[in-house]
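Engineer: Next up is a structure, given as structure tokens.
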Amino acid sequence: MDLQLPEVVSDLLTAQKNYDSDAYAGCFSGTALVIDEEKEYKGKKAIKDWIEDANQQFKIAMEPTKYSGTGSTGILTAVVSGDFDGSPVALDYHLEITDNKITRLEITLSNT
């Protein structure tokens, strides 16, 4: 599926596919906030540690299915699979983007 994605979202998906936590964290601003499973990760180091840990534990693969956005906000829907209960699962990545950097990402279960 060919989705029209903001450059930084495309970079994020590539970093995830390559399990490159440095490149993944590089998609975020220095003060970015990630909210995943009701836990908060603030700043690039915390985000890098979070995604590195998640990838080592769960071997996550993301298959983006939909993107809708206007200006600085967007929602990426992806089917996420890996070594975790309930895999695969559809998740929504609620993004806030400023100057081609993600400033906020909240991951929720998709209702689609």
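The values are calculated or read from the model by the stated rules, or taken from the named source; none is laboratory data. Fair warning: this is a prediction, and the values are worked out from it, not measured in the lab. With ideal geometry, Cβ positions are generated from the backbone for all residues, glycine too; neighbour counts draw on all protein chains shown. Each accessible area value is taken on the protein alone, full model and side chains, heavy atoms only, with ligands, DNA and RNA left out. Shrake-Rupley method; radii C 1.70, N 1.55, O 1.52, S 1.80 Å.
Engineer: Ordered by residue, what ³J(HN,Hα) values in Hz, to whole numbers, does segment 63-69 give under the Karplus form 6.51 cos²θ - 1.76 cosθ + 1.60, where θ = phi - 60° and Gly and Pro are x?
Structural biologist: 10, x, 10, 7, 9, 9, x
Engineer: Can you tell which of 74, 43, 54 lies farthest toward the positive end of the dipole of segment 39-112, using +1 and -1 charges on the Cβ of basic and acidic side chains (Lys, Arg; Asp, Glu)?
Structural biologist: 43
Engineer: Under a plain spin-label model, where a point goes 7 Å from the Cα along Cα-to-Cβ, how far apart in nm are residue 68 and residue 17?
Structural biologist: 2.5
Engineer: Which whole-Hz ³J(HN,Hα) couplings does segment 21-33 yield from phi under the Karplus relation 6.51 cos²θ - 1.76 cosθ + 1.60, θ = phi - 60°, glycine and proline marked x?
Structural biologist: 5, 5, 5, 4, 5, x, 7, 9, 6, x, 10, 4, 10
Engineer: Something else now. How much net charge surrounds residue 23 when only other residues with a Cβ under 11 Å from its Cβ are counted (Lys, Arg +1; Asp, Glu -1)? Display every interim value, and only then the final one.
Structural biologist: On the way: positive: 17, 48; negative: 11, 20, 22.
Value of the local net charge: -1.
Engineer: Okay, next question. At a 1.4 Å probe radius, carbon and sulfur cover how many percent of the accessible area of the chain? Walk me through the numbers on the way to the answer.
Structural biologist: Values: 3150 of 6460 Å².
For the chain, the apolar C and S fraction of the accessible surface comes to 49 percent.
Engineer: May I ask what percent, to the nearest 5, of DSSP beta bridges between residues of the chain are antiparallel?
Structural biologist: Roughly 85 percent of the DSSP beta bridges within the chain come out antiparallel.
Engineer: Same structure again: Applying the Karplus parametrisation 6.51 cos²θ - 1.76 cosθ + 1.60 with θ = phi - 60° to the phi angles of segment 43-52, what ³J(HN,Hα) value in whole Hz is obtained for each residue in order, glycine and proline being reported as x?
Structural biologist: Taking θ as phi minus 60°, the curve returns x, 4, 5, 4, 5, 4, 5, 4, 6, 4 Hz for segment 43-52.
Engineer: Treat every Asp and Glu Cβ in the chain as -1 and every Lys and Arg Cβ as +1, leave all other atoms uncharged, and give the resulting dipole magnitude about the Cα centre to the nearest 20 debye.
Structural biologist: About 200 debye.
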